[in-house]
1. Under 19 Å from a point placed 7 Å out from the Cα of B:T135 along the Cα-to-Cβ direction: which residues of segment B:424-441 have their backbone N that close?
2. Output wanted: per-residue J couplings in Hz (rounded whole) for segment C:289-303, from phi through Karplus 6.51 cos²θ - 1.76 cosθ + 1.60, θ = phi - 60°, x for Gly and Pro.
3. If you take the beta carbon distance between C:S426 and C:Q321 as r and set R0 to 35 Å, what does 1/(1 + (r/R0)^6) give as a FRET efficiency, to the nearest 0.05?
4. Using the Cα gyration tensor of chain C, with a ≥ b ≥ c the square roots of its eigenvalues, what is the shape: rounded (a/c below 1.5), prolate (a/b larger than b/c) or oblate (neither)?
5. With θ set to phi - 60°, apply the Karplus curve 6.51 cos²θ - 1.76 cosθ + 1.60 along segment C:405-421 and write out the HN-Hα couplings as whole Hz, x wherever there is a Gly or Pro.
6. Give me, ordered by chain and number, the residues 5 or more places off B:I156 or on other chains with an amide H under 5 Å from its own placed amide H.
7. What residues have an amide H closer than 5 Å to that of A:H172, excluding those fewer than 5 places away on the same chain, when H is modeled at 1.01 Å from N in the peptide plane?
8. I want to check the label-to-label distance for B:F143 and C:S195. Put each point 7 Å from Cα in the C-beta direction and report it in nm to one decimal.
Amino acid sequence: MPRRGTILPVFIGAGFLAGALSFASDLHPLIPSEPPTASEQNLAVVVNLSNPIENLSMAELRNLFLGERSHWPNGRRITLVMMEPGQPERAAVLSLICQMSESDFKNHFLHGLFTGEVFVSPKTLATPVGVRKFVFNVPGAIGYLRATDVDASVKVIRVDERLPEEKGYKLHIPPRPSK
Amino acid sequence: MKVSTLPPSRVLPALELTGWRVRRRILSLLLGSLATATILHAQQPKPGDVTAADKQTLQLLLQRVDQLEARVRQLEAERQPAAVVSPAPGPTQKSAPPVSEAEQQAESAVPERMDLSKTLLRLRGFGDITLHGDTRKGNTTAFTLGQLNLFVTSDISEKFKFLSEIVFEGGPDNIYGVTRGEINTFSVDVERYLIQYSYNDYLNVGAGRFHTAIGYYNTAYHHSTWFQTTTARPFLFQFEDRGGILPIHTVGVSAFGLIPSGRLGLHYVAEVGNGRASRSPLTQEPVQNVVDDQNHKAFNLALFARPEAIRGLQVGFSVYRDLLAPINSPRIGETILAAHAVFVRPQFEWLNEALVVRHAILGTSQVFNTPGFYTQFSRQLGYFRPYFRYQYINASGTEPVFPDVRLRQGPSVGLRYDASESVALKLQYDYTASRARAAKNALALQIGFTF
Amino acid sequence: MRRQTKYSLRRKTIGSVPLIDPVLGLIARYSSTLLLLVVFLIVTTVGIFVMRDLHTTNVEAQKMYVGSVLGLRRIGELQYEAQETRRATFYALTTDDSNLQIEYADQSREADRLVNEGIIEYLRQARTPHEIEMASRLQDDWSEYLKVRNEVLASILEGSTREAVDLDLAGGVQSFDRVRQDLEEIKRLYDEQASQRLANVVATSRRFAIRLIAVLAFTLIFASASVWAIQRSKMLAAIQLANLQMEFVASVSHELRTPLAVISSAADNIVDGLVSGKEELQRYGSVIRNQSRQITELVDQILLFASTQDRRSRYVLRPLQISQVIDSVLDNTSELLQGAGFVVERQIEASLPCVLGDLSALSQCLRNLIVNAVKYSGESRWIGIRALLADSEDRASREIQITVQDRGIGIDRLEMSHIFEPFYRSAAVIAAQIHGAGLGLSLAKNIAEAMGGKLSVVSELALGSAFTLHLPIMEEQELKMTAASFDSTPLIQI
């Protein structure tokens, strides 16, 4: 066996190199700040009307959607609302905010529950209307909707200081397929 | 000249005839007036007629209200079946005792109990089966049933949560280096038993038996091999009953949460517990679940950061302090310093941890430092995840607590294949160089799963 | 002129009352119609009150229905929807599926929206302070319950069922109970209002019935009495007419019998040869002639009376000079007047205008007045005849007034209204055995009215009477027109 003194630095160096390469390749392209294409729509992040939160950074949003935060600043428990797997809104959130696949997302929450870091799993609803009504009824809820599905019963928050209709908004979603 | 005129005798009948006509007119006038009065009076809305229809409507409405009230009381009574409530009145009864009185009686008569059907009790299982073999003399290639881990959680309330890991594992508990005769038995161990209270992101408190927050691996991975990339834990973080040198488990109280630090993402963990029993003699249970062998408690404080700028990065350190009291030996002050820097992403992980276990024999100047570290990285490639780990630990041969550890180091390389969302196959090669004995080459094929 | 003045003053002061007499006359003439009119007015008034009471009762009954029955229905719906609000919340506890929980939450919110609408509607219709206070209390209690309900729903959706149950037990049950009690109290209020309204309606109906029965009874009695009175008066009038006719027959018989007896006696004497000599024969002949004329006059008067009653009788109206007519009449009655030893004082104004009249009828009228003056002069042997031009009673035109006056027995005031009735003879006249048929004045009045005039009387017992014939004069233009057609056909036929 090579000497311990040489093996270790080699391995560490290799590890760092591999890590840097993987890190570089693993990085998802930065959330594009290009404006949505003509066919894309904006994905709005919505909270209850009584929630005082007005703006969340992308990082804060990520923490919320990964269950790493359990309470709002006003003390209300955070209830994460997700749509069912397969819904394009859910796919957009997993891709743009969580930067995870469906299985990774599930494993993350399972692991979080296992370690005790995550207190409550997200709620899953079937339709955007259900998400909207849930957020309306639960003061600590946070969810997401297409901007066209938003109504006055929920509050849209800014993401990185931008509302869905403003330039530079980062959360886009393919349009709903016409029936 | 004669003038004709009616004789008097003929005038009177004429007058009588006129009188009869008068009487007939008077009679007809009388009858007509009476008839008119009767008709007009009959058109008056009689009190009886008005209330008869309204009474019926009122009766129907009252019946409906009574039915609804009875149904509500029934629903409320079903939620408290042992409660002492008055019988629900029938729909014909008009008045019923107020529901609030019955419910107040129920509350005072029966102590509050938790309705299991209404709490979110979740049960999840983990397990693994391994085929392993190595080159060490005396060891055989065997199929090994790994730990059958029942992970039980229950959302007791908005603030409280219960968590436990009930593990069925092969071999007698808590004994390292078992005799062959007892190695195939199964025993049950409650590895974690924790009730947590979450006040907010900055303060969470847990009490029970938990994994000590030394380093990263111990709190990130518990008794499920399916979660971890490799087939086994680094031997720095091996369980106490498997020869581990660290107090993996603690029975006590733990507080953890965020430290307001903006984008730095600082977290803290502060623990106090029974600590562990000395590993000498080795037949004792290292985790003091019920009785502490001394009044001194173990303390652990950990700080780590998860900066938002680099998602997935966590760096931190911890300090653990305990006082061991082995039988027939001087007490030993134990200090464990650990640091970690890990980078975990769904597709990539790089774990680096280093620690020093310092044992100072009280009353003497003897201090034994046992350093150790590991580095591990893996990369997801589709369903495959190749990984590499290098680990090192160097304990003195005169180390009072774990003199048998000595020097161990070596790489491990493996491949994980996620056959499904719940099943993972792992193939791992380990090379372990040891001062005390010959190097060991080991190969393991493991199937880990969750259910 | 002085006498004219005296007579005119007497006319104003003695006998007739200008304002009341015509009214009394109208009442006497149209008594039946007036009585029936009064009955009609009473019945109409009663009918109006009856309709008013009916309308009031109807309105009260409608108010009672709207206010109480509809109100109770509204409260029943409120109670149902309030229970639905709570029920849907409980149902959300029975499932872990967030989608189902959301549906139940929706049901609960829909039910509470209906409750809110119902409360607002009740608040809007509340009128009394007590109602407004109860409505406000219900609104506040419902809002309190909804706060708890919202927290319970949020806890259920978050998955904290235990918290949800505790919240409901701690706050929801009490606040919902308060809502339930408020609704019960409102229901009781409606019950009380309904009972009160019902009592009002019953009392109104009873009052109306009593009033109606009383008024109808009074009307019936009054109408019966009126009809009885009317019929009795007609019966009495008919009886009186029959009596008068009987008296007329008796009087005429007596008037006819007397001269016939004289004629018969004279004829018997002549036949029996008791009358000798030319002078005696002339005397008997004169008696027979006079008695015959008397009978003829009586028959003529009766026939003339009959002709005036017949509406088909015709008067030939021509311009007449009054002085000539008076002179003619005096000439015709000179034998009677001289035979009775009367002095006739004649005063006729010069240049009196013509009147339009029938010569024979007018002459008969004046003759009757003069004959009456002779008959009823008593011990007096004076008759005055005067004709003058004067203003009519309404001062709108001019008329000729021909007055025949005596200083005889006079006429009692109570008899005044009857003297122009046919066949009427007062008891005093009958007692005084003054002969007559009772037709003279009636005939004279009819003739005067047919000429467009009238006949008036002024009289006082024991002082005498003055009968005045009022005839309208002919205007100059009218006179010319009648002169042009004087010889052809009669100008006016009545």
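Coordinate-derived values only; no laboratory data. Predicted, not measured: the structure shown is a model, and the values here were computed from it. A quick note on method: Cβ atoms are made from the backbone with ideal geometry, for glycine too, and the neighbour counts reach across all protein chains shown.
1. Correct set: B:428-441.
2. Whole-Hz 3J(HN,Hα) from phi for segment C:289-303: 5, 5, 5, 5, 4, 4, 5, 4, 4, 4, 5, 4, 5, 5, 5.
3. On the way: r = 35 Å, r/R0 = 1.01.
FRET efficiency, C:S426 to C:Q321: 0.50.
4. On the way: a/c = 5.58, a/b = 4.21, b/c = 1.33.
Prolate, because a/c is 1.5 or more and a/b exceeds b/c.
5. Once rounded to whole Hz, the list reads 10, 9, 10, x, 7, x, 10, 5, 4, 5, 8, 4, 6, 10, 5, 8, 7.
6. B:K161, B:F162
7. For A:H172, whose amide H was placed from the backbone, the distant partners under 5 Å are A:L43.
8. About 8.6 nm, to one decimal.
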